[in-house]
1. Taking the condition of being farther than 15 Å from R84 by Cα, in a helix (DSSP H, G or I) and hydroxyl-bearing (S, T, Y), how many residues in the stretch 24-50 meet it?
2. Collect the residues in the stretch 271-318 that are charged (D, E, K, R), within 13 Å of G332 (Cα to Cα) and in a strand (DSSP E or B), keeping them in residue-number order.
3. Regarding P347, is this residue touching a Gly at 6+ places or on another chain (Cβ under 6 Å), of a type outside the set (A, V, I, L, M) and assigned to a loop (DSSP other than H, G, I, E, B)?
4. Return the residues of the stretch 188-239 that are over 18 Å from the mean Cα position of the chain (by Cα), of a type outside the set (D, E, K, R) and closer than 29 Å to Y277 by Cα; say none if nothing qualifies.
5. Restricting attention to the stretch 93-147, which residues are among the charged types (D, E, K, R), part of a strand (DSSP E or B) and under 22 Å from the mean Cα position of the chain (by Cα)?
6. Checking A215 against (1) closer than 27 Å to V78 by Cβ; (2) touching a residue at least 60 places away in the same chain (Cβ under 8 Å); (3) touching a Gly at 6+ places or on another chain (Cβ under 9 Å), only one condition comes out false. Which one?
Amino acid sequence: MLGEKATLLLEDGTVFTGRSFGHPGEVCAEVVFNTAMTGYQEIATDPSYAGQMVAMTYPLIGNYGVNRRDVESDRVYVSAMIIRERARRPSNWRFEQSIEDYFAAHRVMGLEGIDTRALVRHIRLEGALRGILSTEDHDIESLRRKVLASPPMAGRDLVREVTTPSHYEFPRETTVEPPDLSGAPFRVVAFDFGIKENILRQLAGIGARTIIVPATTKADEVDPLRPDGVFLSNGPGDPAALGYIIEEIKKIIRRYPTFGICLGHQLLGWAFGGRTYKLKFGHRGANHPVKDMTTTRVEITSQNHGFAVRPESLPNDVEVTHWNLNDQTVEGLRHKSLPCFAVQYHPEASPGPHDSHYLFHRFREYLEAAAKPR
């Protein structure tokens, strides 16, 4: 069944017209693209995409449907998903629901039937742009006023919108196929800036019983939980807007072994004394080559970020451990004297398929060295 007419207007006046799927309505967000051929469900439920519409470069989306085991959070976080064509007959042994029904149930918009190659090329040339997607308003001047009034991503704190309201322990009652942590030797406190389910599974895989805490948790509130280490999660928005988190991380890294991923990497960079900047169109996909400078091995990585750490801003006691081979941006950091490290990419994902899992085992080594008697 064909959806309603839907208009996408970018802030520079570029217009695309297609059909809606999922939930009709109107939304303003930053328009970005992801080059992965699969994983649309993980992308849709990744809290790091809050405040963004995601254009998928692969032309056919939805061909294996949606299932409960592959979600990264409890809901859809993308503002909208933009695709060339939606699969009308999804088929897979794990299939539970179509992407159209899934988006409709979560009241999230989708756009199909536009030239996604032209959209992605435009973003690569002009950079990530604010956009408005609507099935309700097709007047260009009206849409232009609305999109120009929407907030830009730079300077935006979206972590408060996605973090957990209270602490909890993984797995929860709603976790599908929960791991057995009865004999887990370590305790980790994970700061939820938009944490993904598979990160928690990887931490469980190294024997860590994880307590997830809100992003606003103070360093002194971590101490009573008696962790062996602290994890800083992925998340959305501009790290420069998160000074209230950075100040607490400065204290935490003096007390506990710390491992950060994505936004956690950027925040750790700030806590070390560095700075970040906004990339032109970001890194989002499952085939980004990253070189580990310690081993000289190249990892094929999964990435989702729009900001990066400035290498020249880092102090002498911080080492860049990984570089992106596409554009020479920073992909990993390590403090030379403190047991703290981070990567910009997502080692819990499996594009390599397991190129980056060693990072969780490295964190386990840090936990072993710092483990306290219970």
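1. Residues flagged as farther than 15 Å from R84 by Cα, in a helix (DSSP H, G or I) and hydroxyl-bearing (S, T, Y) within the stretch 24-50 amount to 2.
2. The initial filter retains those residues of the stretch 271-318 that are charged (D, E, K, R), namely 275, 278, 280, 284, 291-292, 297, 299, 310, 312, 317.
In the following step, the residues that additionally are within 13 Å of G332 (Cα to Cα) were identified as 291-292, 299, 310.
Within the stretch 271-318, K291, D292, E299 qualify.
3. no
4. Of the residues in the stretch 188-239, the ones over 18 Å from the mean Cα position of the chain (by Cα) are 188-189, 204-211, 216-230.
When the remaining residues are screened for being of a type outside the set (D, E, K, R), the result is 188-189, 204-208, 210-211, 216-217, 219, 222, 224-225, 227, 229-230.
Hits for the stretch 188-239 are V189, T216, T217, A219, G229, V230.
5. R130
6. (2)
Yes/no per residue for (1) under 26 Å from H138 (Cβ atoms); (2) in contact with a strand residue (DSSP E or B) (Cβ under 9 Å, 6 or more places away or on another chain); (3) surrounded by fewer than 16 Cβ atoms within 10 Å (Cβ to Cβ); (4) at pLDDT below 95:
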site: T7; (1), (2), (3), (4): yes, yes, no, no
site: L10; (1), (2), (3), (4): yes, yes, no, no
site: P24; (1), (2), (3), (4): yes, yes, no, no
site: D46; (1), (2), (3), (4): no, yes, no, no
site: M56; (1), (2), (3), (4): yes, yes, no, no
site: L60; (1), (2), (3), (4): no, yes, yes, no
site: D70; (1), (2), (3), (4): no, no, no, yes
site: V78; (1), (2), (3), (4): yes, yes, no, no
site: E100; (1), (2), (3), (4): yes, yes, no, no
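The values are calculated or read from the model by the stated rules, or taken from the named source; none is laboratory data. These numbers were taken from a predicted model, which means no experiment stands behind them. Counting neighbours? That spans all protein chains shown, and the Cβs are built from the backbone with ideal geometry, glycine included.
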